[in-house]
Amino acid sequence: MRQIVLDTETTGMDPKEGHRLIEIGCVELISRRFTGNNFHVYLNPEREVDVEATQVHGFTWDDLKDKPLFIQVADDFLRYIEGSELLIHNAPFDVGFLNAELQWLNEQLGQQRYGRIEDYCKVFDTLAFARRRHPGQRNSLDALCKRYEVDNSGRTLHGALLDSEILADVYLTMTGGQTNLLLGDEDDELNQSGRDLLSSIRRVDSNRPALKVLQASAAELDAHRAKLELIQGKAGRCFWLELEAAAANPQEGVDVAPTAG
């Protein structure tokens with residue numbers, strides 16, 4: 001599964017008032033692993049930056065005048081995100097700006113060449129997800145970093161790429177924390193990456209908080225057991241239940257012979 005964690009910075013709050021993108025930052029995850037294949041670009045917004053926005057991200061128009069226009073990077077950006085699932089904190093804001101930029105391009109070109117972001121990929125709003133998971137609590141990126149003990153000490157100002165990297169850590173922790181590791185002979189290079197990751201987890205790092213261990217609740221264990229029993233009822237046997245029974249009675253062992261069907 002290919003996911004792209006995305007964040008943007010802008011000249012102001014509302015594209016309907018003519019505000020534009022000044023930065024796009026994307027971090028690629030494949031099967032919940034960082035790949036390093038990121039996308040990052042600063043943009044010339046062709047207009048002044050609101051003072052309030054500069055206070056958030058630190059950029060003025062003078063800083064951005066020599067950067068590429070959105071029209072120069074649009075095709076590369078769309079190819080990069082196509083077919084993925086975008087993970088965005090407060091997705092309507094970023095998607096609204098991206099769609100406004102694409103519509104402005106269509107108007108400049110005099111043709112409907114570009115669709116909407118939703119035509120190229122799926123969109124998952126991590127803010128909406130966090131609100132469902134933590135109702136009645138603060139769910140800003142900084143609040144989630146504190147709740148899940150994700151280091152955001154380098155975030156003195158907002159930056160699209162840095163915020164995407166932080167959001168990726170928050171998302172992975174919030175949705176389970178594990179990354180998929182390949183086993184056996186599937187791919188030696190990727191297996192080595194997995195072993196390196198395990199080694200890094202085992203190392204004591206004074207600059208990184210200890211990994212949280214989340215135990216299944218009684219309700220989750222009951223739901224798991226009910227699912228296994230449902231599988232056994234439909235399939236005639238459930239290997240996991242047989243393993244549990246064998247663990248309780250090791251002298252009996254487990255019959256691994258395939259069933260007919």
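The values are calculated or read from the model by the stated rules, or taken from the named source; none is laboratory data. This is a predicted model, so every value here is computed, not measured. Neighbour counts run over all protein chains shown; Cβ positions are idealised from the backbone, glycine included.
In the range 87-107, of all residues being over 21 Å from PHE129 (Cβ atoms) and charged (D, E, K, R), the one that is surrounded by the fewest Cβ atoms within 10 Å (Cβ to Cβ) corresponds to GLU107.
Among the residues of the range 57-70, at least one is assigned to a helix (DSSP H, G or I), closer than 25 Å to ALA168 by Cα and in the same structural domain as CYS121 (by TED's automatic domain parsing). The residue pairs whose first member lies in the range 130-142 and is assigned to a helix (DSSP H, G or I), whose second member is of a type in the set (D, E, K, R), and whose beta carbons are closer than 7 Å, counting only pairs six or more residues apart or on different chains, are LEU141/ASP163.
Select from the range 1-43 the residues that are over 13 Å from GLY159 (Cβ atoms), acidic (Asp, Glu) and more than 12 Å from the chain's Cα centre (by Cα) and list them in ascending order. Residues satisfying the conditions are ASP14, GLU17.
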